[in-house]
Each structure stands twice: as structure tokens, then as C-alpha cells.
Amino acid sequence: MTQLEYDNIFEAITGDPIEAADLTLRSDLVNTLVAIFKERGWKNADIGAALDIPQSRVSELVRGKIAVLSVQKLFGYLAVLGYRFKPSLDGNHHVVCRVEEKQKEAA
């Protein structure tokens, strides 16, 4: 019997590399958002108020229901929280993706 090995669980779910990449990106974005919420000590009500979303959507977000969360919406949530997704190419020709907090403008 042949044992299949995957670097990414989403590669095992779908045979489509584009769909696997989309699922991976959504999962990574959700994990990043949840880490921000935890760092800020936010409860679900705080998250809903900050993102202006209903409790049902907050629940889907913090529970990692990536099937109902689009990449566009997740990037929007990061922007509302003051973060920017910034991909770049390093000296070794690797794509590096960072989530950076936007600089506050001087008043």
C-alpha cells in the first residue's frame, strides 16, 4: 500500500492546487486575525463591534469556518484593524508575506 504525504492538509482535500492555495491563505488569515484578537484580549462582542459584524459572523471567524469567509473579506478585516498584508520577494527569490500594522499618521 502506498502512503500519500502532503505538506498541506488542503492538498489532501482537493486535487486542485489553486483551490488548495485559496483554502491555505484563508486559514492563515483567520489564524492571524485570531492571534490579533487574543493579543488585544478581545471577547466576541469586542470583535463584532470593531469589525461591525454580527455575532454569527464573529463565531464563524473565531471558529475558523473558512468555507464561509472570503479572502477579500478577511483582508478587509485586517485593514479595519489597522493592518496591511505585504507580500515581497527576498534575496533568495522566495515570496515573503507579512502582516504589518499600519503606521499611525501624525496629527
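The values are calculated or read from the model by the stated rules, or taken from the named source; none is laboratory data. This structure is a prediction, so every number in the text was calculated from the model and none was measured. Positions of Cβ are backbone-derived with ideal geometry, glycine not excepted, and every protein chain shown enters the neighbour counts. The protein model used for the area step is the full one, side chains on, heavy atoms only, and it has no ligands, DNA or RNA in it. Shrake-Rupley method; radii C 1.70, N 1.55, O 1.52, S 1.80 Å.
When you count, for each residue, the other Cβ atoms within 10 Å and take the mean per peptide, how do 74-84, 46-56, 91-101 rank with the highest first? Kindly include the intermediate steps, with their values, before the conclusion.
Details: 74-84: 15.7, 46-56: 14.1, 91-101: 9.3.
Descending packing order for the listed peptides: 74-84, 46-56, 91-101.
By how many degrees, 0 to 90 and rounded to 10, does the Cα axis of helix 71-80 deviate from the longest principal axis of the chain?
30 degrees
Roughly what angle does helix 17-40 make with the longest principal axis of the chain, taking Cα atoms, 0 to 90 degrees, to the nearest 10?
On a 0 to 90 degree scale, this one is about 30.
Taking only DSSP H segments of four or more residues, each worth -39500 (n - 2.57), what value at 222 nm results for the chain once the sum is divided by all its residues, to the nearest 500 deg cm²/dmol?
Numbers: 5 runs with 55 residues, N = 107.
-15500 deg cm²/dmol, from helical runs alone.
In whole angstrom, how far apart do the alpha carbon centroids of region 53-78 and region 80-104 sit?
Measuring centre to centre over Cα atoms gives 21 Å.
List residues of region 78-93, by number, whose backbone nitrogen lies under 17 Å from a label position 7 Å along Cα→C-beta of residue 39.
Label zone hits: 78-87.
Keeping the other protein chains in place, figure out the carbon and sulfur percent of the accessible area of region 9-81, with a 1.4 Å probe. Numbers along the way, then the final one.
On the way: 2270 of 4230 Å².
In region 9-81, the share of accessible area belonging to carbon and sulfur is 54 percent.
Just to confirm, what accessible area per residue do you get for the chain at 1.4 Å probe, in whole Å²? Don't jump to the answer; show the numbers that get you there.
Details: 7750 Å² over 107 residues.
With the other protein chains kept in place, the chain gives 72 Å² per residue.
For the chain, build the charge dipole from Cβ charges (+1 Lys, Arg; -1 Asp, Glu) around the Cα centre, then report which of 49, 17, 77 sits farthest towards its positive end.
After comparing all options, I get 49.
Starting from 0.36 nm per residue, how many nanometres of slack lie between residue 32 and residue 63 once their C-alpha separation is accounted for? Working shown, then result.
Working: separation 31, 0.36 × 31 = 11.16 nm, distance 1.28 nm.
So the extension gain works out to 9.9 nm.
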